[in-house]
1. Provide the net charge surrounding Arg106, with neighbours chosen by a C-beta distance below 12 Å and charges set as Lys +1, Arg +1, Asp -1, Glu -1.
2. Please arrange Lys151, Lys140, Lys85 by accessible surface area, largest first, computed with a 1.4 Å probe and ligands excluded.
3. Past 30 Å, Cα to Cα, is the threshold; run Lys72/Lys130; Lys151/Lys196; Lys76/Lys177; Lys60/Lys85; Lys60/Lys148 against it and keep the listed order.
4. Run down the aspartates and glutamates and flag those whose C-alpha is under 16 Å from the C-alpha of Lys169, throwing out any fewer than 8 positions away in its chain.
5. At a Förster distance of 41 Å, what's the computed FRET efficiency of Ala184 paired with Leu55, Cβ-Cβ distance as r, to 0.05?
Amino acid sequence: MAKLLSPDCRQCRREGCKLFLKGDRCTSKKCAIERRQTLPGQHGAARKRVTEYGLQLREKQKVKRAYGILEKQFRKYYEEAERMKGVTGENMLSLIERRLDNVVYRMGIGASRSECRQIVNHGHITVNGKRVNIPSFLVKVGDVIAIKENKRDLEMFKELKGMKIIMPKWLEFDSEKLEGKILALPTREDIDLNIKEHLIIELYSR
């Protein structure tokens, strides 16, 4: 499976904002954005002229890096969103937000999306009682997401029991039963990342 290989903190510095790729480290004083606010590389501190295309590209790269998606798959989300009714940008973000690895992250099962992708890949998650090991699997309203019965004794999942987890209103998660449910489809207001999706649509519409 293809994946992004550049260091997580370097990606945040390149986009100039926190992408929350390292879990708890992103909220601590060790966060790279807090310590070094310049762009990575030898000429990172130099002032550069940013073009309209550059702004659009950076916005696309920000979303791809935050969710851990490569270009081919990201473009498919755009094309599918374009065929749907409604605003293309909002549809695209809703589709990406419905990815199983992101849903597992939103439910608090893992500290970062990359960790949640690994949890899904290893077959620790079930959807409606069936094991699903595809991170890009799109959930729908009414789906029940749970940790596989024979994996609940793993130390990483034991820590979840009884925890109070804050999550978007379109999801619910019972930390005692270690299972959650999709209550509704995510809307634009449910996405907390600072994203200007219209710039991405403009880029693909060129």
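The values are calculated or read from the model by the stated rules, or taken from the named source; none is laboratory data. Only a predicted model underlies this, so the values are computations on that prediction, with no experimental measurement involved. Every residue, glycine as well, gets a Cβ built from its backbone with ideal geometry; the counts of neighbours run over all protein chains shown. When the accessible area is computed, the model is the full protein with side chains, heavy atoms only, and any ligands, DNA or RNA have been set aside. Shrake-Rupley method; radii C 1.70, N 1.55, O 1.52, S 1.80 Å.
1. Values: positive: Arg98, Arg99, Arg113, Lys169; negative: Glu97, Asp101, Glu172, Asp190, Asp192.
Around Arg106, the surrounding residues sum to -1.
2. Values: Lys151 60, Lys140 115, Lys85 190 Å².
Correct descending sequence by accessible area is Lys85, Lys140, Lys151.
3. On the way: Lys72/Lys130 28 Å; Lys151/Lys196 39 Å; Lys76/Lys177 35 Å; Lys60/Lys85 22 Å; Lys60/Lys148 34 Å.
Too far apart for the 30 Å limit: Lys151/Lys196; Lys76/Lys177; Lys60/Lys148.
4. By straight Cα distance, Lys169 reaches Glu97, Asp143, Glu179, Glu189, Asp190, Asp192.
5. Numbers: r = 32 Å, r/R0 = 0.78.
The computed FRET efficiency comes out at 0.80.
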